[in-house]
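Heads up, the thing below is written out as structure tokens.
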Amino acid sequence: MAEALEGLAREALDLGRAAAPSGKVATYIPELGRADPGAVALAIHTVDGDAVAVGDVSRCFTLQSVSKVFALAALLRGGDDGLWEHVRQEPSGDAFHSIVRLEEEGGRPRNPFINAGAIVVSGRLPGVDPAARAGVVRAFLREAAASGDEAFAMDEAVYRSECRTGFRNRALANFMCHHGVLVDPDGAADGYFRQCALTADVDALARAGLFLAAGGLDPHRDLRLLDAAATRTIVALMGTCGLYDEVGSFAVRVGVPGKSGVSGAILAIVPGRMSIACFGPALGVRGNSVAGLAMLEFLARELSLSVFDAGIAPP
Ligand code: DON
């Protein structure tokens, strides 16, 4: 199985490399603009124990919005009952950093994966300060990936770069504070910037996401990371809100829950089967990795991954 999977992963990689020149690296966080637009990598971990990684597998990237998945998991594991009073569970149809709907809707974010919602999640994590709260996200990632102490370290340069330029996120935090949706807007934004700057390579990211494909259990260890209901909540929100205003066409093209980040990472979850991590910093107009989308579309077709079809390969 692993050999067949690796063959498909290599074919997907070729498509990803071919797609990369059509995208552009994000520069609104200036340090992200230093990424190599031609870099492409892909890793797959299955619940049955197969694992493959192909392409520029040693490239480390910041998780950016993919960190929102693990921050939410860490928060829900702690049993935060009040989150859903402040953050809804609906797709926004807007860009990830949109402000307009927040004003229309009394400062209550549409979901925990747009920036506003993720800042609320970040601010509610346990910890005495923003560094400690980002440390909770990092600890969850390390536990989920069964990795060592050094893994998922924060990229200081990217963190500082977002601190210098993150006026829009601070505006969201301040606006929500005005509406009583969060307290300490500066601290919440800072913790959020720190979690977004946590780093991974594709193999570590796919491994960290595997519990989401297995109902909250690590299928390779006798370890429950999250209860089944919270896991379902996260995976469902990935499926409906994970790619912002591209989530509908992602459902059509790929058909599995996913979460993207402006660094060019995408984590895709195939419930009951596998976790797939893609990296390719060249982004399309909606801020999602063009190589990642091309690779996932190919894999979904070849492996009949879409949750919206009958699980039978089309003729
Ligand atoms: O808040 C921001 O703008 C970034 N730290 C993360 C945004 C992001 O990754 C959106 N994803 N596609």
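Since every read-out is calculated from the coordinates, none of them should be taken as a lab result. This is a predicted model, so every value here is computed, not measured. No Cβ is skipped: glycine too gets one built from the backbone with ideal geometry, and neighbour counts run over all protein chains shown.
Report whether or not Ala197 is within 16 Å of the ligand (Cβ to nearest atom) and in contact with a strand residue (DSSP E or B) (Cβ under 6 Å, 6 or more places away or on another chain).
Details: within 16 Å of the ligand (Cβ to nearest atom): yes; in contact with a strand residue (DSSP E or B) (Cβ under 6 Å, 6 or more places away or on another chain): yes.
In short, yes.
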Within the range 88-111, track down each residue that is within 16 Å of the ligand (Cβ to nearest atom), surrounded by 14 or more Cβ atoms within 10 Å (Cβ to Cβ) and assigned to a loop (DSSP other than H, G, I, E, B). Pro91, Ser92, Asp94, Ala95, Phe96, His97, Ser98, Ile99, Pro109, Arg110, Asn111
Counted residues, the range 167-186 - those being buried (at least 21 other Cβ atoms within 10 Å of the Cβ) and out of contact with any helix residue (DSSP H, G or I) (no Cβ under 6 Å at 6 or more places or on another chain): 1
Long-range neighbours under 7 Å by Cβ, at least six apart or interchain, first residue farther than 17 Å from Ala41 by Cβ within the range 290-306, second of a type in the set (S, T, N, Q): Ala300/Ser306
Sole miss for Ala74 among (1) away from the ligand (no atom under 16 Å from the Cβ); (2) assigned to a loop (DSSP other than H, G, I, E, B) is condition (2)
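Could you list all residues from the range 267-301 that are of a type in the set (Val, Ile, Thr) and within 14 Å of Ala18 (Cα to Cα)? Lay out the reasoning, then the answer.
Our first condition is that a residue be of a type in the set (Val, Ile, Thr); within the range 267-301, this holds for 269-270, 276, 285, 290.
Val290, the sole residue that qualifies.
Just one of Asp36, Asp50, Asp80, Asp14 is more than 16 Å from the ligand (Cβ to nearest atom), of a type outside the set (Gly, Ala, Ser), more than 18 Å from the chain's Cα centre (by Cα) and closer than 18 Å to Val262 by Cα; which is it?
Values: Asp50 fails: closer than 18 Å to Val262 by Cα; Asp80 fails: closer than 18 Å to Val262 by Cα; Asp14 fails: closer than 18 Å to Val262 by Cα.
Result of the check over Asp36, Asp50, Asp80, Asp14: Asp36.
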Residue satisfying all of: in the range 237-266; over 14 Å from the mean Cα position of the chain (by Cα) and surrounded by 22 or more Cβ atoms within 10 Å (Cβ to Cβ); farthest from the ligand (Cβ to nearest atom) among these: Val254
Within the range 21-71, which residues are under 21 Å from Gly117 (Cβ atoms), not aromatic (Phe, Trp, Tyr) and not in a loop (DSSP other than H, G, I, E, B)? Thr62, Gln64, Ser65, Val66, Ser67, Lys68, Val69, Ala71
Please verify whether Glu162 is closer than 16 Å to Leu198 by Cβ and surrounded by fewer than 15 Cβ atoms within 10 Å (Cβ to Cβ), treating the condition exactly as stated. no
Subset tally (residues that are in a helix (DSSP H, G or I) and either farther than 20 Å from Leu205 by Cβ or aliphatic (A, V, I, L, M) (or both)) for the range 130-155: 11
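Just one of Leu283, Leu296 is under 18 Å from Thr62 (Cα atoms), crowded, with 24+ Cβ neighbours inside 10 Å and either in contact with a helix residue (DSSP H, G or I) (Cβ under 8 Å, 6 or more places away or on another chain) or of a type in the set (D, E, K, R) (or both); which is it? Steps first, answer last, please.
Values: Leu296 fails: under 18 Å from Thr62 (Cα atoms).
From the options Leu283, Leu296, the qualifying one is Leu283.
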